[in-house]
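**Student:** One structure is given below, represented as structure tokens, and several questions about it will come after.
What follows draws every value from the coordinates through simple rules; no lab data is involved. These numbers come from a predicted model, not from an experiment. Ideal geometry is used to build each Cβ from the backbone, glycine not excepted, and the neighbour counts take in all protein chains shown.
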């Protein structure tokens, strides 16, 4: 961050474990502390291991709690999770129709 990074990321997401809650928690604490020291917001991108809607919600809760809701924007928080899309679409269908197909 001191070198000018706009974002920090867990990993490529291709190695396990990747975006576990403890790892993301440390990253969020780091960007929060950096903001406190400098006034500059740095983005966070957890990648890998976020496969379900429930996983994504857990990540959103962590962000909301630590550094705060101001980080819940696309320029400051992104989830790198190609496997997540299918689950999100299935959950949306379930909400609309009451059943999974």
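**Student:** Using helices alone, I'd like the mean residue ellipticity at 222 nm for the chain: each DSSP H run of four-plus residues gives -39500 (n - 2.57), total over residue count, nearest 500. Each step should come with its number before you reach the end.
**Tutor:** Numbers: 3 runs with 45 residues, N = 101.
Mean residue ellipticity, 222 nm, calculated: -14500 deg cm²/dmol.
**Student:** Another one. On C-alpha positions alone, give me the angle between the axis of helix 21-38 and the longest principal axis of the chain, in degrees, nearest 10.
**Tutor:** The angle comes out near 40 degrees.
**Student:** Using only the Cα atoms of segment 44-101, what do you get for the radius of gyration and for Dmax, in Å?
**Tutor:** Cα only, segment 44-101: 12.7, 38 Å (Rg, Dmax).
**Student:** May I pose another question? Using Cα atoms only, what is the angle between the long axis of helix 84-97 and the major principal axis of the chain, expressed in degrees (0 to 90) to the nearest 10?
**Tutor:** 50 degrees
**Student:** When a footprinting reagent is the concern and you count Cβ atoms within 10 Å, what order do 32, 92, 51 take, fewest first?
**Tutor:** 92, 51, 32
**Student:** Against the longest alpha carbon principal axis of the chain, how many degrees, from 0 to 90 and to the nearest 10, is the axis of helix 53-65 turned?
**Tutor:** Here the helix axis deviates by roughly 30 degrees.
**Student:** For semi-axes √(5λ) of the Cα gyration tensor in Å, pick the label among [x] 35, 16, 11; [y] 28, 15, 10; [z] 25, 21, 18 that corresponds to the value derived from the coordinates.
**Tutor:** [y]
**Student:** Okay, next question. I need the calculated FRET efficiency for the pair residue 89 and residue 29, taking r as the beta carbon distance and R₀ as 22 Å, to the nearest 0.05.
**Tutor:** Working: r = 33 Å, r/R0 = 1.48.
Rounded to the nearest 0.05, the efficiency is 0.10.
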